[in-house]
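The values are calculated or read from the model by the stated rules, or taken from the named source; none is laboratory data. Quantities reported herein were computed from a predicted structural model and do not represent experimental measurements. Methodologically, a virtual Cβ is constructed for each residue, glycine included, from the backbone with ideal geometry; neighbour enumeration extends over all protein chains shown. Note: accessible area is taken over every heavy atom of the protein model, side chains too, but ligands, DNA and RNA are not part of it. Shrake-Rupley method; radii C 1.70, N 1.55, O 1.52, S 1.80 Å.
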Amino acid sequence: QVQLVESGGGLVQAGGSLRLSCAASGSTFRVNYMGWYCQAPGKQRELVARISRGGSTNYADSVKGRFIISRDNVKNTVYLQMNSLKPEDTAVYYCNAEAIGPTGYYWGQGTQVTVSS
């Protein structure tokens, strides 16, 4: 099992920045990708960004050039630096870990990000 604890959400004005953190514990040696998903009211959960243990990254088109995902493999922590925030970024952000041997997907409890116009 892998446990994920998120922090760093909150309320910010448009154009501002926030930094989310997610610390993993448990069977972290099984984790390859870690990432962030968001879910706005009435919408499906969707990928924001993910990063492999080796540092390969994927971003949603809507956040490219604004958000940066990074990872500290020693601390088993993934970060999401969110810059130039827009009201449409408002959502609950969930940390995700993809484990192998056996395959498993783990989620954090979610942290609210609200961007006011």
Within region 83-108, how many residues are in a strand (DSSP E or B) and either open to solvent by 50 Å² or more (accessible area, probe 1.4 Å) or of a type in the set (A, V, I, L, M, F, W, C) (or both)? 7
Given SER70, SER62, which one is surrounded by fewer than 15 Cβ atoms within 10 Å (Cβ to Cβ) and either within 15 Å of ASN96 (Cβ to Cβ) or under 12 Å from the mean Cα position of the chain (by Cα) (or both)? SER70
Sole miss for VAL12 among (1) at negative phi; (2) assigned to a loop (DSSP other than H, G, I, E, B) is condition (2)
Note on region 1-20: residues among the polar types (S, T, N, Q) and open to solvent by less than 30 Å² (accessible area, probe 1.4 Å) are none
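Conditions (1) among the basic types (Lys, Arg); (2) touching a Leu at 6+ places or on another chain (Cβ under 6 Å), marked per residue:
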site	(1), (2)
MET34	no, no
GLY42	no, no
GLY65	no, no
LYS75	yes, no
VAL78	no, no
MET82	no, yes
Can you tell me which residue in region 29-39 is modelled with the lowest pLDDT, limited to those that are out of contact with any Phe, Trp or Tyr (no Cβ under 6 Å at 6 or more places or on another chain) and buried (at least 17 other Cβ atoms within 10 Å of the Cβ)? ARG30
Need the failing condition index for THR111 against (1) free of Cβ contacts under 8 Å to residues at least 60 places away in the same chain; (2) of a type in the set (Ser, Thr, Tyr); (3) touching a strand residue (DSSP E or B) at 6+ places or on another chain (Cβ under 7 Å), just the number. (1)
Checking LEU80, LEU47 in turn, the sole residue that is at pLDDT 95 or above and either open to solvent by less than 40 Å² (accessible area, probe 1.4 Å) or part of a loop (DSSP other than H, G, I, E, B) (or both) turns out to be LEU80
